[in-house]
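One structure below.
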Amino acid sequence: MQKASSIELEFSRKYNRAHAQQYLHKHSESLARRLSHWRDEQIARESLKLAGEPKVVLDLPCGAGRFWSLLAEQQDRVILAADNSADMLNVAKAAQPQELVSRITTFQTSAFDIDLEDNSVDSIFCMRLLHHIKDTEHRLALLREFHRVSRDTLIVSLWIDGNFKAWRRKKLEARREARGHTGQNKNRFVVNRSDLEREFEKSGWKVVEYRDFIPGYAMWRTYTLRKEH
Ligand SMILES: C[S@@+](CC[C@H](N)C(=O)[O-])C[C@H]1O[C@@H](n2cnc3c(N)ncnc32)[C@H](O)[C@@H]1O
């Protein structure tokens, strides 16, 4: 098995300064995107509640700090925020209100090799990273690293099958393949639900509950998981 600290995925390299700026504006650029962000926040709030309102939370990857104000709604919450991309962290710190930024400890790290001691946070809040991971082996490495660093829960969002959008995506991909496109540049992936839940179990996580973005239609699902000792 590949050593987790040596895992570096192709998609991670795209978050340079220009892309980070673009990502900052992405979730507010249209009504549809603003609605989608509103739903993401609603699900995140519910998931944090399911996790028991954790006191010490690691937002990883934090991207442009899209969830910082939500995480800070709990007055006494300690918030750590990390990302692989220094550009992303700089954009987040410049874009978010300074009062909020001063409450958050930020650092650059890979999610495969988190620069924290074992059991150092109550929860890891991991939005929109796992759908970039194609291989089971890499997902397991991530989940095991999260298991090392969190002492209690993990909140994780990704794309799953068993809904209309995943069915349509599969059909479109089959059509593209038939036309000779290899799909080599793909950097977002749909995971089979049963495979995923087996991976959770294998890496020491038990499903508390999940929330779907739009049940039966959308691919986004957010799981709240509890660590098994
Ligand atoms: C789609 S963005 C999601 C950001 C944020 N969670 C959100 O929902 O707005 C993906 C983020 O993952 C970061 N990233 C990519 N590879 C990573 C890795 N190996 N470890 C930590 N962060 C990574 C990127 O720099 C980027 O900020």
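Each reported figure results from applying straightforward, stated rules to the coordinates on display, with no laboratory input. All figures in this text were calculated on a predicted structure; none of them were measured in a lab. FYI the Cβ positions are ideal-geometry reconstructions off the backbone, even for glycines, and counts take in every protein chain you see.
Points worth noting:
- Under the span-like rule (Cα at least 15 Å along the axis, Kyte-Doolittle mean at least 1.6), DSSP H helices of the chain: none
- Considering segment 25-146 at the alpha-carbon level, its Rg and Dmax are found to be 14.3, 41 Å.
- Taking GluC sites (Glu not before Pro) across segment 23-61, the ones in a DSSP loop with at most 15 further Cβ atoms lying within 10 angstrom of their Cβ are GLU29.
- On a per residue basis, the convex hull of the C-alpha atoms belonging to segment 12-53 measures out at 89 Å³.
- If only the Cβ of Lys and Arg carry +1 and only the Cβ of Asp and Glu carry -1, the dipole of segment 154-205 around its Cα centre is close to 460 debye.
- For the chain, the share of alpha carbon pairs falling in successive 10 Å distance bins from zero is 7, 32, 40, 18, 3, 0 percent.
- For segment 136-224, the alpha-carbon coordinates run over 48, 27, 17 Å along the three principal axes, in decreasing order.
- Among ARG128, ARG168, ARG103, residue whose mean-square fluctuation peaks in a GNM of the chain (springs only between Cα atoms under 10 Å): ARG168
- A Förster distance of 45 Å, applied to the separation of the beta-carbon atoms of LYS134 and GLU99, puts the FRET efficiency at 0.70.
- Span from the segment 4-73 Cα centroid across to the segment 133-211 one, whole angstrom: 17 Å
- Furthest towards positive pole of dipole, PRO54, TYR23, ILE114, structure part segment 1-116, Cβ charges: TYR23
- The chain: antiparallel DSSP beta bridges as a percent of all, rounded to 5: 45 percent
- Top of GLN108, GLN42, GLN75 by mean-square fluctuation, Gaussian network on the chain, Cα under 10 Å: GLN75
- Check: the chain dipole with +1 on Lys, Arg Cβ and -1 on Asp, Glu Cβ, in debye: 1100 debye
- Lysine pairs meeting the criterion (Cα under 17 Å, 8 or more apart or interchain), as found in the chain: 15
- Estimated FRET transfer efficiency when R0 is 25 angstrom, pair ASN119-LYS206 (beta carbons, to 0.05): 0.90
- Relative packing of 197-210, 143-156, which averages over residues the other C-beta atoms within 10 Å, highest first: 143-156, 197-210
- Here the dipole of segment 103-229 is about 900 debye; that uses its Cα centre as origin and unit charges on the Cβ of Lys and Arg (positive) and Asp and Glu (negative).
- CD proxy at 222 nm, helix term only [per DSSP H run n ≥ 4: -39500 (n - 2.57); per residue of the chain; nearest 500]: -11500 deg cm²/dmol
- Modelled label reach - GLN108, point 7 Å along Cα→Cβ, segment 41-68 residues with backbone N closer than 19 Å: 59-65
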